[in-house]
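Take a look at the structure set out below.
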Amino acid sequence: MTQQGLVLGVLEGDDIGHEVVPAAVLVASAAAERHGLRIEWRPMPVGRRALDTHGATLPAGTLETLAKMDGFVLGPIGHREYPKVPGAINPHPIMRKHFNLFANVRPTRSYPGIGCLYDDIDLVIVRENNEGFQPDRNVVAGSGEFRPSEDMTISVRVISRKGSERVARVALALARSRRKLLTVVHKNTVFKLGCGMFVEECLRAAKDFPDVAVNEVIVDTMAMRLVRDPQSFDVVVTTNMFGDILTDEAAGLVGGLGMAPGLCIGEGDFAMAQATHGSAPDIAGQGIANPYAMVDSTRMMLDWLGRRKGIAAAVAAAARMERGLTAALADAKARTGDIKGSGTTATFTRAVIGNL
Ligand code: ATP
């Protein structure tokens with residue numbers, strides 16, 4: 001990597017990943033070219049195809065190779081369809097954990113004409129990514145879910161001071177760069193210790209951000225308020241599973257999962273672009289998947305890496321991608337069917353590039 005270049009892994013994932021990830025690479029490459037930003041894309045096998053060719057959905061050496069890069073694009077993973085064989089694992093929790101990508105930044109924004117429930121939503125949910133209730137990543141060995149007897153299952157939820165504080169700091173810094181409002185979502189009325197600790201750490205971290213106003217909302221109230229007055233939120237921070245559910249709800253407000261991008265980040269200068277949606281096997285191979293979420297996730301990664309590493313061309317390329325995306329969304333013939341268009345993955349991708 002030089003000052004003016006980035007080395008990025010490309011892991012298509014499964015099903016529509018083979019359609020939306022190439023779209024993201026095409027758009028980002030075209031935007032980068034306009035700003036003299038060199039991006040070296042390094043394709044790597046992952047998921048079902050990697051199982052067939054390398055005997056594992058996460059082939060040996062993948063994490064070590066990725067660690068030498070600046071970040072990577074990860075397409076959706078269809079792990080529910082994997083055969084029950086050794087080597088067929090869900091790779092993304094391992095990646096989030098390995099690279100300590102503890103913050104999952106998921107924006108929700110309205111665009112005209114695409115079926116949004118309101119025309120003025122602009123919020124970002126920052127979801128803690130590596131602990132909470134998710135049993136595949138909340139312990140270093142074994143699983144956070146176990147079955148002591150045939151008729152009983154225990155799921156352990158992990159909340160740590162450090163895990164809570166660091167995700168709060170990501171959210172606070174983001175709020176500082178936006179409308180300076182942070183909403184902490186929790187359920188400390190019931191989870192007095194777990195959510196209690198999360199809130200305590202968020203409020204403690206907020207003392208270093210006196211310019212950011214902080215309020216709290218109980219998660220069930222939040223589920224209702226997201227539907228009724230989503231405009232009242234700027235940045236939201238919450239624990240892993242609450243965030244998982246609320247981000248899908250938020251996507252539903254603005255046209256669905258095809259409109260839900262995401263970026264996974266940690267404390268280092270390394271990022272993983274990963275859309276919120278799954279691999280959508282029901283529409284795979286038809287050329288109709290909406291590439292917006294994956295393209296915008298990649299845009300977020302360029303912007304974030306550019307700012308962290310001081311690469312102005314990456315920030316400029318990301319801004320250009322945003323303009324292209326906004327213009328393409330306004331074109332009903334180009335955009336895909338899930339967002340009230342008559343186009344395809346290819347027509348949308350071409351429209352974004354044409355409008356860069
Ligand atoms: P996971 O649990 O792996 O996140 P999921 O259960 O949320 O997966 P998805 O694979 O995301 O399921 O698909 C849910 C629905 O949304 C499907 O009907 C799918 O076709 C649709 N969908 C998801 N992503 C897109 C997209 N990019 N473009 C169009 N439709 C999509």
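The values are calculated or read from the model by the stated rules, or taken from the named source; none is laboratory data. Given the structure is predicted, the values throughout are model-derived calculations rather than measurements. Using ideal geometry, Cβ is built from the backbone for each residue, glycine included, and neighbour counts are taken over all protein chains shown. When the accessible area is computed, the model is the full protein with side chains, heavy atoms only, and any ligands, DNA or RNA have been set aside. Shrake-Rupley method; radii C 1.70, N 1.55, O 1.52, S 1.80 Å.
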Could you tell me the center-to-center distance, by alpha carbons, between the range 286-344 and the range 30-48 in angstrom? 14
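Leaving out ligands and nucleic acids, note down the accessible area per residue over the chain with a 1.4 angstrom probe, in whole Å². Present the calculation step by step, with values, prior to reporting the outcome.
Working: 14900 Å² over 356 residues.
It amounts to 42 Å² per residue over the chain.
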Projected label distance in nm at GLN286 and THR326, using a 7 Å step from Cα toward the beta-carbon: 3.2
Mind checking the range 1-77 for trypsin sites (Lys or Arg not before Pro) that DSSP puts in a loop (not H, G, I, E or B) and that have at most 11 other Cβ atoms within 10 Å? LYS68
With springs only between Cα atoms under 10 Å, which of GLY132, GLY71, GLY268 fluctuates most in a Gaussian network model of the chain? GLY268
Given LYS192/LYS309; LYS207/LYS309; LYS68/LYS162, which pairs have Cα atoms separated by over 30 Å? LYS192/LYS309
Show me the trypsin sites (Lys or Arg not before Pro) within the range 127-232 that DSSP assigns to loop and that have at most 12 other Cβ atoms within 10 Å of their Cβ. LYS192, LYS207
The range 117-253: relative contact order as a whole-number percent, Cα under 8 Å and 6+ apart: 36
For the range 129-176 and the range 225-242, write down the distance between their C-alpha centroids in whole Å. 20
If I take every Cα pair under 8 Å that is 6 or more residues apart in the chain, average their sequence separation and divide by the length, what percent do I get for the relative contact order? 22
Using a probe of 1.4 angstrom, how much of the accessible area of the range 117-253 is carbon and sulfur, in percent? 57
Quick one: putting +1 on the C-beta of Lys and Arg, -1 on the C-beta of Asp and Glu, what dipole do you get for the chain around its Cα centre, in Debye to the nearest 20? 760
Which of THR53, ALA284, LEU26 sits closest to the plus end of the dipole of the chain, meaning its Cα is farthest towards the positive end, when Lys and Arg get +1 and Asp and Glu get -1 on the C-beta? LEU26
ARG34 paired with THR221, simple spin-label distance in nm, labels 7 Å along Cα-to-beta-carbon: 4.4
Across 5 Å bins from the origin, how do the percents of Cα pairs in the range 69-176 run, short distances first? 2, 9, 14, 16, 18, 16, 11, 8, 4, 2, 0
Gaussian network model of the chain, Cα springs within a sub-10 Å range: biggest mean-square fluctuation belongs to which of PRO83, PRO45, PRO22? PRO83
Mind computing the radius of gyration and Dmax over the alpha-carbon atoms of the range 182-268? Å is fine for both. 13.6, 37
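What is the Cα radius of gyration of the range 1-99 over 2.2 N^0.38 Å, N being its residue count?
1.13
Could you give me D for the chain, from Stokes-Einstein at 4 °C and 1.567 mPa s, where the hydrodynamic radius is the Kirkwood radius over C-alpha pairs? Units µm² s⁻¹, please.
Answer from the Stokes-Einstein relation: 63 µm²/s.
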With the contact rule set at Cα under 8 Å and sequence spacing of 6 or more, what percent relative contact order holds for the range 77-187? 18
Checking the range 292-356 for trypsin sites (Lys or Arg not before Pro) in a loop per DSSP with at most 16 other beta-carbon atoms within 10 Å yields LYS333, LYS340
Checking rank on 252-259, 269-276, with mean other Cβ inside 10 Å and highest first, the result is 269-276, 252-259
Selection from VAL167, PHE242, ASN138, by position along the positive dipole direction of the range 117-253 (Cβ): VAL167
Name the most mobile residue of THR57, THR238, THR153, meaning the one with the largest mean-square fluctuation, in a Gaussian network model of the chain with Cα contacts below 10 Å. THR153
Return the inverse of the average 1/r over all pairs of distinct C-alpha atoms in the range 117-253, which is the Kirkwood hydrodynamic radius, in Å to one decimal. 15.5
